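Undergrad: One structure, as structure tokens, below. Some questions next.
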Amino acid sequence: MPLSEALERAQEAGLDLVEVAPQAKPPVCRLIDFGKFMYTKSKRERQARKAQVKTEVKEIQLRPKTGEHDINFKLRDARKWLLRGAKVKVRVRFRGRERYIPEVGREKLQEVAERLSDVAIVERKPAFEGRTMIMILAPIKSKTQ
């Protein structure tokens, strides 16, 4: 129908003429109460944000010279976080000349991945970011609580 007739009908009904699909041929418009429409739309968006699941990312930090006992201690926490459903970022920090032997850090990260393989999978393989090497572990879906 012509625009003038649609506007006239909207005014008679006390509603707003809102263009719903401008790409359609011809464009599609509706007669609605625009204030109520915006209120219900924002309410739906709020509900969607509430239902959204946020993944928590915890972090453990190691060094190339970190001892076995310290690694065991940190892996115990990492295992607990993974079982709760959080992701774990494992960071190996290099200082000074340690940067020139990244194999040591990569070995540490591989060891961590192997020891946590029963509860986690490697989501992001070890990679350098500045002076640190980072690996991200994600929980296995069937093991989480």
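Bear in mind these aren't lab numbers, they're just calculated from the coordinates by the rules spelled out. Remember, it's a predicted structure, so these values are computed and weren't measured experimentally. No Cβ is skipped: glycine too gets one built from the backbone with ideal geometry, and neighbour counts run over all protein chains shown.
Undergrad: Rounded to a whole number of µm²/s, how large is the Stokes-Einstein D of segment 1-65 at 10 °C and 1.306 mPa s, given Rh as the Kirkwood radius over C-alpha pairs?
TA: Value of D from the Cα-based Kirkwood radius: 100 µm²/s.
Undergrad: State which stretch of the chain is the longest one without any exposed trypsin sites (Lys or Arg not before Pro), exposure meaning a DSSP loop state and at most 10 other Cβ atoms within 10 Å.
TA: 1-53
Undergrad: Subtract the Cα-Cα distance of V20 and I32 from 0.36 nm times their separation in residues, and report this length gain in nm to one decimal.
TA: Taking V20 through I32 to full extension adds about 3.3 nm, to one decimal.
Undergrad: Same structure, new question: Under a Cβ-only charge scheme (Lys and Arg +1, Asp and Glu -1), can you give me the dipole magnitude of the chain about the Cα centre, in debye to the nearest 20?
TA: Approximately 900 debye in magnitude.
Undergrad: What whole-number volume per residue, in cubic angstrom, does the convex hull of the C-alpha atoms of segment 57-143 give?
TA: 75 Å³
Undergrad: Given bins 10 angstrom wide, list per bin the percent of all Cα-Cα distances in the chain, short to long.
TA: 10, 26, 16, 9, 11, 13, 10, 4, 0
Undergrad: Mind checking segment 8-115 for GluC sites (Glu not before Pro) that DSSP puts in a loop (not H, G, I, E or B) and that have at most 14 other Cβ atoms within 10 Å?
TA: E56
Undergrad: How many angstrom lie between the Cα centre of segment 36-105 and the Cα centre of segment 5-29?
TA: For segment 36-105 versus segment 5-29, the Cα centre distance is 50 Å.
Undergrad: Which FRET efficiency value, to the nearest 0.05, do you get for A51 and L3 by plugging their Cβ-Cβ distance into 1/(1 + (r/R0)^6) with R0 = 35 Å?
TA: 0.35
Undergrad: For A127 and V104, calculate 0.36 nm times their separation in residues minus their Cα-Cα distance, and state this gained length in nm to one decimal.
TA: Gain on stretching A127 to V104: 7.0 nm.
Undergrad: Here's another thing I want to ask about it. Mind checking the full-extension length gain between S117 and K58? Use 0.36 nm per residue of separation minus the Cα-Cα distance, one decimal, nm.
TA: Full-extension gain reported as 19.5 nm.
Undergrad: Can I ask one more? Taking +1 at the Cβ of each Lys and Arg and -1 at the Cβ of each Asp and Glu, which of M38, L7, A24 sits farthest along the dipole of segment 3-50 towards its positive end, judged by Cα position relative to the Cα centre?
TA: M38
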